[in-house]
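Student: After the structure tokens below, expect a handful of questions from me.
The values are calculated or read from the model by the stated rules, or taken from the named source; none is laboratory data. Keep in mind the model is a prediction, meaning the values are calculated, not measured. Using ideal geometry, Cβ is built from the backbone for each residue, glycine included, and neighbour counts are taken over all protein chains shown. Remember, those area values only see protein heavy atoms, side chains included, never the ligands or the DNA or RNA. Shrake-Rupley method; radii C 1.70, N 1.55, O 1.52, S 1.80 Å.
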Amino acid sequence: GQADPSLPPGRGSCSGCGAELQCRDAAAPGFVPEEKYRSLSAGQRGATCQRCWLLAHHGRALRLRLPPEQHRQVVSAALRRPLRHGRGPLLLYLLDVLDLPDPVLAQLPALLGPDVPVAGLLVVGNKVDLLPADGPGHLARLRRMVAEACEQAGLQQDKLVDVRLVSAKTGFGLEGLISRLQRSWKCAGDVYLLGATNSGKSTLFNILLRSDYCKSRAPDIVDRATVSPWPGTTLNLLKFPIINPTCDRIFRRQERLKEEAAKTEDQLGDEEKKYLNQLKKEGYLVGEVGRTFRRQKAVSVVDFDPDLLSYSIDEDPKDSPRKHEEREEFTYNEVKDARWCFDTPGIVKENCVLNLLTEKEVKLVLPTHAIIPRTFILKPGMVLFLAALGRVDYLEGEKPAWFSIMASNQLPVHISTLDNADAVYEKHAGQQLLKVPMGGEERMKEFPPLVPQDITLKGISATEAVADIKLSSAGWVAVTAHAEEEVLLRAHVPKGTALVVREPPLLPYISAIRGARIPGTAAYRTKKLPSLVENLRTTGKT
């Protein structure tokens with residue numbers, strides 16, 4: 001579609017990203033092609049910009065000129081709005097637990113500033129469904145690591161009201177999060193959903209919109225946020241009204257949760273079982289978000305027009321002209337004292353490998369299903385490639401060590417020797433063997449070269465990893481070495497992206513989740529642990 005700089009904006013906001021619809025600049029947020037833009041009526045609900053339409057229907061993303069500073073300005077301005085209900089906002093910060101330490105978390109103190117009267121900060125670690133349980137109490141350990149990351153980022157501990165672990169995709173932990181949010185009603189005003197790009201904010205926003213946290217009529221009126229793996233999907237502020245958690249509503253909600261927790265999988269309906277089994281394939285931790293307060297649908301009345309329904313044998317039947325459907329809106333009384341939940345733009349992660357990739361490559365790099373760990377035992381002089389996005393060389397050490405890869409199951413891992421590693425990268429980067437980036441020599445000409453960083457680690461034991469080597473957002477390698485064994489490694493990531501040595505590791509006992517050694521190779525057979533379903537009674541138990 002073509003742009004027309006002469007057409008003024010003012011036709012409403014995009015229902016997917018919240019950006020103001022415009023036809024002047026195809027590279028700016030909210031662009032709608034000229035022909036479509038002219039057909040829009042002012043304030044039309046449900047209209048989407050070209051970018052959100054492509055994301056929703058084709059999984060494609062247009063590159064936009066939207067610097068990180070502009071994202072921060074939108075969020076910062078929103079947080080400095082005048083107080084509502086005499087209370088400061090509650091900040092719901094969502095982080096991707098795979099990306100710890102969260103690169104944006106340290107920006108929060110500066111983003112808030114002393115002039116933002118925050119009622120509290122609730123930090124939520126998302127995507128725990130992608131991580132296998134490497135030992136007893138692994139969720140408590142993850143929660144502790146998220147809390148420590150908040151402290152290291154300089155967040156005021158008196159403002160940190162809670163730390164939660166959830167999966168916005170599978171529903172794990174979300175009923176507990178909703179109950180915690182409802183308990184904050186009396187001490188907070190509006191709620192702002194914050195986080196880095198691709199942390200799952202839009203997915204969580206859509207779940208909350210259809211939960212007990214939202215007014216029962218709102219899902220029919222509020223449009224959903226566009227959900228896509230492409231970073232920076234939500235470009236402006238989307239919102240829904242929060243339901244007042246009265247004593248009666250809290251009681252009814254608790255009764256529903258008790259009733260659902262008493263069920264077993266065998267008591268679920270066929271469609272519920274089918275959906276649950278699908279979630280089990282996609283995540284290690286599965287939950288369900290129900291609805292206590294549902295809007296009563298009005299019974300539709302059929303209008304008959306006798307003149308239009310009667311016709312002779314010589315006449316063709318006449319089509320009844322369709323009445324224009326009036327747009328449903330909130331009444332003044334419904335929203336005059338409402339508290340709102342806002343979905344803010346994702347803050348772009350700088351020095352992130354995802355910023356270098358095409359949308360097709362991003363889909364391969366970001367894990368969408370439970371990550372199955374891949375473990376290799378390497379001797380000094382061996383090299384491990386994670387696609388063409390990262391490389392770890394085992395330079396020196398007296399004994400073999402174990403290297404466990406936690407990354408998207410679609411990213412290939414290739415083992416080579418130190419003598420052949422450069423030739424392997426030169427020949428196969430951009431090709432099928434290393435898969436990402438894709439596009440052959442032409443693609444690799446514009447892709448930054450890998451730069452090395454030497455790392456020295458001292459082993460803890462043959463069953464406990466000493467550290468994770470985090471290859472930007474492409475994934476990480478957990479290194480397990482014999483007790484007191486010193487290993488010298490050299491890790492490589494694309495120039496301009498961040499390499500992090502994470503100590504302690506996120507999953508210290510990950511190397512134990514493996515099958516038998518594959519004869520004649522450095523690899524072990526993979527093993528997928530069973531899924532855990534919360535809020536359902538185990539079959540056969542009372």
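Student: Within a Cβ distance under 10 Å of Ala387, other residues only, what is the Lys/Arg minus Asp/Glu net charge?
Tutor: So the environment of Ala387 carries a net charge of +1.
Student: Identify all lysines with a Cα-Cα distance to Lys215 below 21 Å; exclude those on the same chain that are fewer than 8 residues away in sequence.
Tutor: Lys186, Lys201, Lys239, Lys297, Lys336
Student: Now, a different point. Provide Asp343, Asp422 ordered by accessible surface of protein heavy atoms (probe 1.4 Å), highest first.
Tutor: Reading off the accessible areas and sorting them downward yields Asp422, Asp343.
Student: Below 19 Å, Cα to Cα, which lysines can Lys527 reach? Residues fewer than 8 away in the same chain don't count.
Tutor: Lys280, Lys281
Student: Still on this model: Enumerate the amide H contacts of Arg339 below 5 Å, restricted to partners 5 or more residues apart or on another chain; note that Pro and chain-start residues carry no placed amide H.
Tutor: The list, which skips near neighbours in sequence, is Ile242.
Student: Mind scanning Lys169/Lys273; Lys399/Lys528; Lys379/Lys458; Lys36/Lys363 and naming the pairs with a C-alpha gap bigger than 21 Å?
Tutor: Going by Cα-Cα distance, Lys399/Lys528; Lys36/Lys363 fall outside the 21 Å limit.
Student: What is the extension gain from Gln254 to Glu350, computed as 0.36 nm multiplied by their sequence separation minus the C-alpha to C-alpha distance, in nm to one decimal?
Tutor: Working it through step by step, the gained length comes to 30.3 nm.
Student: A further question on this structure: Modelled label-to-label distance, Gln107 and Ala523, 7 Å Cα→beta-carbon offset: nm?
Tutor: Distance between label points: 3.8 nm.
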